[in-house]
Amino acid sequence: HGNVIAVADWQEAEAEPIPVINTESEPPDSHPTAVLPNRRIYAAAFVCSLLMIGAFGFFWLRSQSNSTQATSKADVVFMNLTDGEDVNNATISPDGNFFAYISRDGDKSRLFVQQTGQPGRREITEPLEGGNSGITFTPDSQFIYFVGDDNGRLPNTLYRVPTWGGVRTKILSDIAVMPSFSPDGNEMVFIRGSVMQAEIVIAASDGSRERTLRTITQEDAIALYGGGSWSPDGRTIAYGVVDLNKIHNGGCTIVGIDPGSGVTKPLSQEGWDTCFRMAWTLDSQGLVFIGTKANEAFSTRRDQVYYISIPDGTARRVDIERDTYGPQVTYRAQHLD
């Protein structure tokens, strides 16, 4: 895979020996005939030596780089992207170049976009009256969808605005929290209703062609603020289901539903006191989400970042430096080590 260096074959040309003219008076046969070195042989040897030295240096630097990367992957690095703002519902774009968040200003919600790792922010639409129930980027990072409650009047409304600002467009009404998009961005999944009576709905990205994937009743309540998360391979939509008889005792479990057939399956057997927004890793082999392990709802370990391995359903805590987190998390990385 690009690590093989091909060296051209060198063909040694035959050369006639060049006699040394003896200017002294000694007999011609007193010394053997001397021959000058072949300059092309020396040149070939010199070039080969340079190539060998270059190859050695290349592989040494590569091994050092891999060693450094392997070491750095073991650590979780935290970087503050904002400085003191009132940040709510933060999310990062799929291409990793931007992040967006809501800042409360009295009874209004203001939507800001900022370039990752750069200072300064940009308000991309006029302030929204009332609160906000989540924001998300489209898979191509070109648009932001956000949910507003229109000054507390239900049902909520889903809007769309270009990532770098522009006209705000109403997409649909009666939506609980932010949607999640199919890998190609042509469809989205969202939750409609309340904890006790909810529907998992799939619609086109423009709000048309709605179809109900599953209806959830009181006996099988939904972790409303976690929403749903569509996997990058398109096969599974993850969400949280709550057993109301086991609140604060591991009553929430993470399940997946097939967007085509509607068949559900558990993604992990672990129970959680809280299940908030979740996001898939790009290889569809893991989920990153904000949650609280069973019986830890009233402890300092509440609302932490966890990673669930989808093949075996095991969970582990990701963060090591913070106390508690808000209910939102989005993820942009191929692997989590």
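Annotations for the structure displayed:
- Of the listed residues Ser261, Ser141, the order by accessible area with a 1.4 Å probe, largest first, is Ser261, Ser141.
- Where labels lie 7 Å past Cα in the beta-carbon direction, separation of Arg104 and Phe298 in nm: 2.5
- Residues of the stretch 154-198 with an amide N closer than 20 Å to a point placed 7 Å from the Cα of Asp140 along the Cα-to-Cβ direction: 159-172, 179-189.
- Accessible surface ranking for Ser229, Ser208, 1.4 angstrom probe, highest first: Ser208, Ser229.
- Extension gain for Asn186 to Ser284 (0.36 nm times residue separation, less C-alpha to C-alpha distance): 33.4 nm.
- Lys265 exposes around 110 Å² of accessible area when a 1.4 Å probe is run over every protein chain in place.
- Loop-resident sites, the stretch 174-263, for trypsin sites (Lys or Arg not before Pro), counting at most 16 other Cβ within 10 Å (DSSP): Arg209, Arg235
- 3J(HN,Hα) along the stretch 281-297: 6, 5, 8, 6, 9, x, 10, 10, 7, 8, x, 10, 5, 3, 6, 10, 5 Hz, from the Karplus curve 6.51 cos²θ - 1.76 cosθ + 1.60 with θ = phi - 60°, whole Hz, x for Gly and Pro.
- Note, ³J(HN,Hα) from phi for the stretch 221-227, Karplus 6.51, -1.76, 1.60, rounded to Hz, x at Gly and Pro: 5, 10, 6, 4, 6, x, x
- Signed unit charges on C-beta, dipole axis of the stretch 164-303, positive-most listed residue Thr264, Gly166, Ile237: Gly166
- The candidates Tyr159, Tyr306, arranged from most to least accessible area with a 1.4 Å probe in the full protein assembly, appear as Tyr159, Tyr306.
- Heavy atoms of Thr314 accessible to a 1.4 Å probe, total area in Å² rounded to 10: 70
- Using the alpha-carbon positions of the stretch 164-218, Rg (one decimal) and Dmax (whole number) come out as 12.2, 41 Å.
The values are calculated or read from the model by the stated rules, or taken from the named source; none is laboratory data. Only a predicted model underlies this, so the values are computations on that prediction, with no experimental measurement involved. Because the Cβ atoms are built from the backbone with ideal geometry, glycine has one as well, and the counts that use them run over all protein chains shown. Accessible surface is based on the protein model in full, side chains and every heavy atom, while ligands, DNA and RNA are left aside. Shrake-Rupley method; radii C 1.70, N 1.55, O 1.52, S 1.80 Å.
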